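The next block holds one structure in the form of structure tokens; read it before the comments.
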């Protein structure tokens, strides 16, 4: 398979979305301020959260604010993965560009992947803004961070989450609205994935459940890399687990998506709103 | 392109009934029982302009959407440029351009040039080729001075031209148009018809299959007419042959005569 034309198309999607976003410059400023409010809320909340159990679970030399900031900033990658693919379909149906896209020489999986690039790039910028606000105003100090390790964890997380996102898009393409799969994944991940607290504070059954979802490994790995400066040996279990999730979820999700796409072409509901 | 540009053989399409409430969850796997096409067969030769006509619900749009690879037929076969639209859809898509009259499928905040550039990339055109093509097609369609404007500021007529420009970007040998002059004012519609017949079919040798409710338009553009009724082909002749066989003076009268003859048949149980 020649990758160059696919990459050219993915780049075209990015520039399309960038050009559209450029028309709403005020939104970028507001999002930056929104991030400041979010970070400030965590900072003041963290000053009241004191627990010996919690402190024993935090990486050495760090505090709850840094723990929660990383959890909050990187949980967003799951949220965006779960919505980027089906939102792109929904938007294309709404503005009636889906039919025009489907008669081009670009297969739907490339349309989906291309449409998800800009949201992820925008999210990466937002993550940097979160961390920057934390560092500038509230004493977040990732001095010993293993940035390369964090980047590898992030890439493996995006691959694993993308599988879930494509499964979510399969539901969306079949049933158009309301997506219980998305809310179940986000709800369960938010509860047991360790976004705001270490999973060790959860009851044993929920801790077992936490081990079955990718976001747990993503946040553990990210905190280890950013807050404790963990080396490759310590990061390996998280990276390996995320790659296993990706290896299972990506082929499964594309299989399900292919079936869903064929069914909608049979029922004639592909472009229905 | 050996053989006919478009070939439709015993094509059938059934849709599942529309379900509501909780039963809508079964829609993707429910049985297709609603007939849209019932054994349609015809061919379109290279460089021929053929019109699909018939009442609402006759199956014109369904047929065009099958040829455009947007719907999978229930039975039968359809090929575009020799490629099966179900099993060789990617190859078929290289050969046709598709445009519907109610087409708004553009990004309103982007300029016409940015929109066309994006869809050119989706059709595998290189950046330089896209620039050349956009300039050339915009000149032909008379929108060269509006390429820098945001599409949301376009009138309906301009939007139609832009839609046709998009369908022509990759130099398709075959054009599939669904009611191309719907919602155009009479002058714009007349100009659009001239463009189709003179510039595209005669000038560029494009094969044209279009659906229309405007019979004067069909008489002006089409070499042959496929009259559909209830998902079946009732007639497939040139407008002149249709008038001769029904002993009428106009296509409108010929179609009325043919459909009137069908009415008693339709009333039978």
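Worth pointing out:
- Paramagnetic reach from residue A:143 in segment A:216-256 [backbone N under 16 Å; point 7 Å along Cα→Cβ]: A:226-230
- Computed from Cα positions, the angle between helix A:64-94 and the longest principal axis of chain A comes to roughly 10 degrees.
- For segment A:19-141, the orientation-averaged shadow of the C-alpha convex hull comes to 9.6 nm² (one quarter of the hull surface).
- Taken residue by residue and averaged, Cβ atoms of other chains lying within 10 Å of the Cβ of A:21-27 number 1.
- The mean number of partner chain beta-carbon atoms within 10 angstrom of a residue's beta-carbon across peptide A:98-111 is 6.
- For chain A, the relative contact order is 28 percent, taking Cα pairs closer than 8 Å that sit 6 or more residues apart in sequence and dividing their mean separation by the residue count.
- Ordering of A:70-76, B:242-248 by burial proxy (mean other Cβ atoms within 10 Å per residue, highest first): A:70-76, B:242-248
- Computed per residue of chain A from DSSP H runs no shorter than four, each worth -39500 (n - 2.57), the mean residue ellipticity at 222 nm is -26500 deg cm²/dmol.
- For chain A, fraction of C-alpha pairs farther apart than 23 Å, in %: 56 percent
- Rg to Rh quotient for segment A:163-217, alpha carbon positions, Kirkwood Rh: 1.08
- Highest mean packing first, where packing is the average number of other Cβ atoms within 10 Å per residue, the peptides A:219-228, B:52-61, B:187-196 line up as A:219-228, B:52-61, B:187-196.
- Taking the alpha carbon gyration tensor of chain B, multiplying each eigenvalue by 5 and rooting it gives semi-axes of 31, 24, 18 Å, largest first.
- Considering only alpha-carbon pairs that sit under 8 angstrom and 6 or more positions apart, the relative contact order computed for segment B:102-171 is 48 percent.
- Along its principal axes, segment B:27-129 has C-alpha extents of 45, 33, 29 angstrom, given from the largest down.
- Shielding by partners - mean other protein chain Cβ count within 10 Å, residues of B:108-121: 4
- In this simple spin-label model, placing a label point 7 Å from the Cα along the Cα-to-Cβ direction at both residue A:211 and residue A:183 gives a separation of 3.1 nm.
- For the protein assembly as shown, the fraction of alpha-carbon pairs in successive 20 Å shells from zero, as %: 19, 44, 26, 10, 1
- When Rg and Dmax are taken over the Cα atoms of segment B:102-171, they come to 10.7, 30 Å.
- Rg over Rh, two decimals, segment A:188-230 (C-alpha only, Kirkwood Rh): 0.98
- Taking segment B:50-157 and dividing mean pair separation by its residue count, relative contact order in percent (alpha carbons under 8 Å, at least six apart): 19 percent
- Degrees separating the helix A:147-175 axis from the principal Cα axis of chain A, which is the longest one: 40 degrees
- Principal semi-axes in Å for segment A:69-182 [√(5λ), Cα gyration tensor, largest first]: 32, 14, 13
- Rotationally averaged projected area of segment A:1-90 (alpha carbon convex hull; nm²): 9.7 nm²
- Inter-label distance, residue A:51 to residue A:244: 2.8 nm, where each label sits 7 Å from its Cα along the C-beta direction.
- Packing here is the average count of other Cβ atoms within 10 Å per residue, and on that basis the peptides A:259-267, B:173-181, highest first, run B:173-181, A:259-267.
- The C-alpha atoms of chain B define a longest principal axis, and helix B:112-122 lies at about 70 degrees to it.
- Here the label points at residue B:55 and residue B:190, each 7 Å from Cα along the C-beta direction, are separated by 3.2 nm in the simple model.
- Over the Cα atoms of segment A:6-47, the radius of gyration divided by the Kirkwood radius equals 1.29; this is the Rg/Rh ratio.
- Distance-filtered residues of segment A:102-136 - backbone nitrogen under 17 Å, label point 7 angstrom along residue A:8 Cα→Cβ: A:104-107, A:110-111, A:114
A short reminder: the numbers here are calculations on the coordinates, not readings from a lab. Because the structure is a prediction, the values reported are computed rather than measured. So basically every Cβ, Gly included, is an ideal-geometry build from the backbone, and we count neighbours across all protein chains shown.
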